[in-house]
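Visitor: Sharing a structure below in structure tokens format, with a few things to ask.
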Amino acid sequence: MSRIGKLPVHLPAGVTVEVSADNVVKVKGPQGTLCQKVDSDITVAVEGTEVKLTRPTDQPRHRSLHGLYRALINNMVVGVSEGFTIKQELVGVGYRVEVQGQTLIFNLGYSHEIQLLLPAEVKAEAEAVKKGQNPVLVLKSADKQLVGQVAAKIRSMRKPEPYKGKGIKFVGEQLRRKAGKSAGAK
């Protein structure tokens, strides 16, 4: 058995799961509704406050799908009950972010501003900047895949460079730093 796949997904209060005839799992909760198409070989059963997945054989394909879909359904349940949050820090002189509704406006040291339109499911807020601190952008959503994809897109606008560490990084991320040129070498 897949170690992940055989674990049941526990449903917190206020979360409901429906499985349609064509194996589409729909999860509803206080944070919203998410849907996921599950492979036809994997059987999804809702038993009381648990969701259990089973596979027909021990083929490598079925074993990998078993763990994958259990993890996806668990992420959906956590997303609609608690939501997911990603914090990104803008490191650099003059680097700023401004939130105007669903549009983010970045100043990242280029000669122009960069505007990014967020999907409707993702909410953003810029934390107030105190003297001597870097601006922090907070992204929130019920969909873990979508918020991660948006965060990766934002990070790709100005990846952290290895010498000074300037760029957009995740809060708590450890960067590999390189030593600069040494002045005394001949």
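The values are calculated or read from the model by the stated rules, or taken from the named source; none is laboratory data. Since the model is a prediction, treat every value here as computed from it, not as a measurement. In this analysis, Cβ positions are derived from the backbone assuming ideal geometry, glycine residues included, and neighbour counts consider all displayed protein chains. To get the accessible areas, we keep the full protein, side chains included, count just its heavy atoms, and leave off ligands, DNA and RNA. Shrake-Rupley method; radii C 1.70, N 1.55, O 1.52, S 1.80 Å.
Visitor: Which pairs turn up if I take residues in the range 124-144 that are hydroxyl-bearing (Ser, Thr, Tyr) and look for partners that are in a loop (DSSP other than H, G, I, E, B) with beta carbon separation below 7 Å, at least 6 apart in sequence or on another chain?
Guide: Ser141/Gly83; Ser141/Glu121; Ser141/Val122
Visitor: Right, another one. In the range 137-151, what count of residues is obtained for those that are touching a strand residue (DSSP E or B) at 6+ places or on another chain (Cβ under 9 Å), under 14 Å from Gln88 (Cβ atoms) and open to solvent by 20 Å² or more (accessible area, probe 1.4 Å)?
Guide: 2
Visitor: Scanning for something touching a helix residue (DSSP H, G or I) at 6+ places or on another chain (Cβ under 8 Å), aliphatic (A, V, I, L, M) and over 30 Å from Glu18 (Cα atoms), does the range 74-96 turn up at least one residue?
Guide: no
Visitor: Looking only at the range 155-171, filter to residues that are free of Cβ contacts under 8 Å to residues at least 24 places away in the same chain and within 23 Å of the chain's Cα centre (by Cα); which one of those is farthest from Gln88 (Cα to Cα)?
Guide: Glu161
Visitor: Restricting the search to the range 17-34, which residues are loosely packed, with under 14 Cβ neighbours inside 10 Å and more than 16 Å from Lys52 (Cβ to Cβ)?
Guide: Within the range 17-34, Ser20, Ala21, Asp22, Val24, Pro30, Thr33 qualify.
Visitor: Further question on the same structure: For Lys169, indicate whether it is open to solvent by less than 90 Å² (accessible area, probe 1.4 Å) and either aromatic (Phe, Trp, Tyr) or within 17 Å of Glu125 (Cα to Cα) (or both).
Guide: yes
Visitor: Quick one: would you say Lys164 is basic (Lys, Arg), touching a Gly at 6+ places or on another chain (Cβ under 9 Å) and open to solvent by 60 Å² or more (accessible area, probe 1.4 Å)?
Guide: Judged against the criteria, Lys164 is a match.
Visitor: Follow-up question, since we're still on this one. Identify all residues within the range 42-75 that are open to solvent by less than 30 Å² (accessible area, probe 1.4 Å) and either assigned to a loop (DSSP other than H, G, I, E, B) or on the phi > 0 side of the Ramachandran plot (or both); write none if there are none.
Guide: Ile42
Visitor: Still on this structure, please answer the following. Regarding Ile154, is this residue out of contact with any Pro (no Cβ under 8 Å at 6 or more places or on another chain), surrounded by fewer than 15 Cβ atoms within 10 Å (Cβ to Cβ), modelled with pLDDT of 90 or more and among the aliphatic types (A, V, I, L, M)?
Guide: The answer is no for Ile154.
Visitor: Same structure again: So which strands (runs of 3 or more DSSP E) stay within the range 76-129 end to end and still have 1 or more residues that are small (Gly, Ala, Ser), open to solvent by 20 Å² or more (accessible area, probe 1.4 Å) and more than 30 Å from Val15 (Cβ to Cβ)?
Guide: 123-127
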